[in-house]
Amino acid sequence: MSEVRVVNDSTDSGENGRRIEFPSAEAVAKAGIRVEPVQVRRMVRYITASGMVDYDPARYARLTSRASGSVWRVEKEIGDVVHKGDALAIIDSNEVGQAKGDLMQSLTQVDLRRQTVERLEAANKRGAVSDQSLREAQAALSEARIRLSNDHQRLLNFGLPVRLDDLAKVPHDQLARQLRLLGLPENIQKQLDTETLTANLLPLKAPFDGVVVQRTAASGEIIEKNQPKIMFVLADVRHLHVDLDVNPEDMGLMRTGLEVSFTPTYALQKSEIRNPKPEKSTSLPPANSELAMSDSASVIAKVSHISPEVDEKTRRVKVHAEFDNSEGRLRPNDFGMGRIFIREEPKALIVPSEAVQSDGSSSVVFVRTSDKSFAVRPVHTGLRDGSVVEVRGVQAGEEVVTTGSFALLSELLKERIAGGD
């Protein structure tokens, strides 16, 4: 390009005012110069980390029976959606039957002792009963109330909801029936014959809304008192989290609240099949290419907490990100790749990476000012994403040289050498 010359339109000793000028537009085409417009696009800085989908520990429960006995009936199966309070299984337990019987007996004793005290109080006012007899009756009533409180607590320990005030209002001939059905969901009560029903029944209930993940309970199975067995595993799959393995050197950038895009491995493989790696091109990639991993199976999560230690096996740091899985996009134990977004520039000015050259002291681009001349423009670079880079010092729509930019840099450096710079 011997006919190319560097023109300095300014007294500035820097690059401002300098331009590369060709003798004609034909000479520009012959030199193979290609240009691309400066575009405006969202850019993000992110860290990539592999990870695995897992249950939210606060919404994952291994359930056992609170009493020994045998499995009377299994109500739910693996995959069943359950709501808080639904019965998963019903246990036949002598302990529960005994506790109900003791409570009923204590209720009766308290009622009788109370009536006795009321009669003695009235008689004592007339002088017909001694103070000592009244005090003995009052002490017996206190003891009966203590036993009732203990029996009440036993039922509460079994997870049976019972209010003493409510039971006190139940007629004695209906009290036994109500205690037999205590804790059983209404839909199950309608299926049972209360006249022949045992009082030993204890429901194993779901503590929250979720899905049955595992079931090991079987009808007739014996439940040992000192050897509790996991009967059901319940999880809320609407709220999951991702465990990401982050390099320790990147931990200085981590903080809670950062956004994470996570894509499972199977979706990444499908994406590679649909979008094979293209040949090298000087054209800009489509907008939002930083989210190229996005797929219908991808989810957006938020970093909720960060492990304080390095995993002894992976030598990575666990970063936990929670996400809403109401649509059921992902399943626990899915492996995949996550991008943790560190910084975002919603309206970044970007150019192809090959448009940016270094003159030894700063980064420059060559902006077309006419069909045969190109201004030397110093720029500051920012975020990078594959084949594009954020720059400051240009305006949207300006055209910068891509193919041939290194040749123009060579002309600029030759002029410097000739000028003694």
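If the condition is being among the hydrophobic types (A, V, I, L, M, F, W, C), within 19 Å of residue 220 (Cβ to Cβ) and outside any loop (DSSP other than H, G, I, E, B), then the stretch 174-209 contributes 188, 201, 202, 204.
Note on the stretch 321-330: among residues that are within 17 Å of residue 57 (Cβ to Cβ) and open to solvent by 30 Å² or more (accessible area, probe 1.4 Å), the one that is nearest to the chain's Cα centre (by Cα) is 322. Could you grab me the full set of residues in the stretch 27-71 that are in a helix (DSSP H, G or I), surrounded by fewer than 15 Cβ atoms within 10 Å (Cβ to Cβ) and charged (D, E, K, R)? Within the stretch 27-71, 30 is the sole residue that qualifies. Residues in the stretch 210-264 that are under 18 Å from residue 79 (Cβ atoms) and either open to solvent by less than 50 Å² (accessible area, probe 1.4 Å) or among the hydrophobic types (A, V, I, L, M, F, W, C) (or both): 15 in all.
Close Cβ contacts (under 8 Å, 6 or more residues apart or on different chains) running from residues in the stretch 381-393 that are within 20 Å of residue 341 (Cβ to Cβ) and of a type in the set (D, E, K, R) to residues that are in a strand (DSSP E or B) and modelled with pLDDT under 90 comprise 385/43; 385/44; 390/43; 390/345; 390/382; 390/383; 390/384. Across the stretch 276-315, the number of residues qualifying as modelled with pLDDT of 75 or more, open to solvent by 90 Å² or more (accessible area, probe 1.4 Å), within 27 Å of residue 59 (Cβ to Cβ) and outside any strand (DSSP E or B) comes to 1.
Quick grid of which residues meet (1) without any contact (Cβ under 8 Å) to a residue 40 or more places away in the chain; (2) more than 28 Å from the chain's Cα centre (by Cα); (3) closer than 26 Å to residue 222 by Cβ:
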| residue | (1), (2), (3) |
| --- | --- |
| 7 | no, yes, no |
| 19 | no, yes, no |
| 24 | no, yes, no |
| 28 | no, yes, no |
| 47 | no, no, no |
| 51 | no, no, no |
| 70 | no, yes, yes |
| 81 | no, no, no |
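From the list 142, 149, 130, the one residue that fits, being in contact with a helix residue (DSSP H, G or I) (Cβ under 8 Å, 6 or more places away or on another chain) and either over 19 Å from residue 95 (Cα atoms) or among the small types (Gly, Ala, Ser) (or both), is 130. The set of residues from the stretch 142-173 being within 28 Å of residue 64 (Cβ to Cβ), part of a helix (DSSP H, G or I) and open to solvent by 40 Å² or more (accessible area, probe 1.4 Å) comprises 149, 150, 153, 154, 156, 157, 164.
Quick grid of which residues meet (1) among the aliphatic types (A, V, I, L, M); (2) closer than 18 Å to residue 261 by Cβ:
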| site | (1), (2) |
| --- | --- |
| 310 | yes, no |
| 327 | no, yes |
| 353 | no, no |
| 365 | yes, no |
| 382 | no, no |
| 396 | yes, no |
| 401 | yes, no |
| 410 | no, no |
| 413 | yes, no |
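Scanning the stretch 392-421 for residues that are open to solvent by 40 Å² or more (accessible area, probe 1.4 Å) and within 18 Å of residue 3 (Cβ to Cβ) turns up 410, 413, 414, 415, 418. Residues in the stretch 125-141 that are part of a helix (DSSP H, G or I) and open to solvent by 30 Å² or more (accessible area, probe 1.4 Å): 125, 131, 132, 133, 135, 136, 138, 139. A count restricted to the stretch 355-391 and to residues that are modelled with pLDDT of 90 or more and under 39 Å from the mean Cα position of the chain (by Cα) stands at 6. For the stretch 83-124, filtering for residues that are open to solvent by less than 40 Å² (accessible area, probe 1.4 Å) and either at positive phi or small (Gly, Ala, Ser) (or both) leaves 9.
A quick yes/no check of all residues on (1) open to solvent by 30 Å² or more (accessible area, probe 1.4 Å); (2) assigned to a strand (DSSP E or B); (3) under 20 Å from residue 46 (Cα atoms); (4) among the polar types (S, T, N, Q):
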residue: 332; (1), (2), (3), (4): no, no, no, no
residue: 342; (1), (2), (3), (4): no, yes, yes, no
residue: 365; (1), (2), (3), (4): no, yes, no, no
residue: 370; (1), (2), (3), (4): yes, no, no, yes
residue: 378; (1), (2), (3), (4): yes, yes, no, no
residue: 390; (1), (2), (3), (4): no, yes, yes, no
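Taking every residue in the stretch 124-143 that is farther than 17 Å from residue 111 by Cα and pairing it with any residue that is in a helix (DSSP H, G or I) and open to solvent by 60 Å² or more (accessible area, probe 1.4 Å), at least 6 positions away or on another chain, yields no pair with a Cβ-Cβ distance below 6 Å. Among the residues of the stretch 392-421, what is the count of those that are of a type in the set (Lys, Arg) and within 48 Å of the chain's Cα centre (by Cα)? Final tally of qualifying residues: 1.
The values are calculated or read from the model by the stated rules, or taken from the named source; none is laboratory data. What you are looking at is a predicted structure, and each value in this text was computed from that prediction instead of being measured. Cβ: placed from backbone, ideal geometry, glycine included. Neighbour counts: every protein chain shown. Heavy atoms of the whole protein, side chains included, go into the accessibility calculation; ligands, DNA and RNA do not. Shrake-Rupley method; radii C 1.70, N 1.55, O 1.52, S 1.80 Å.
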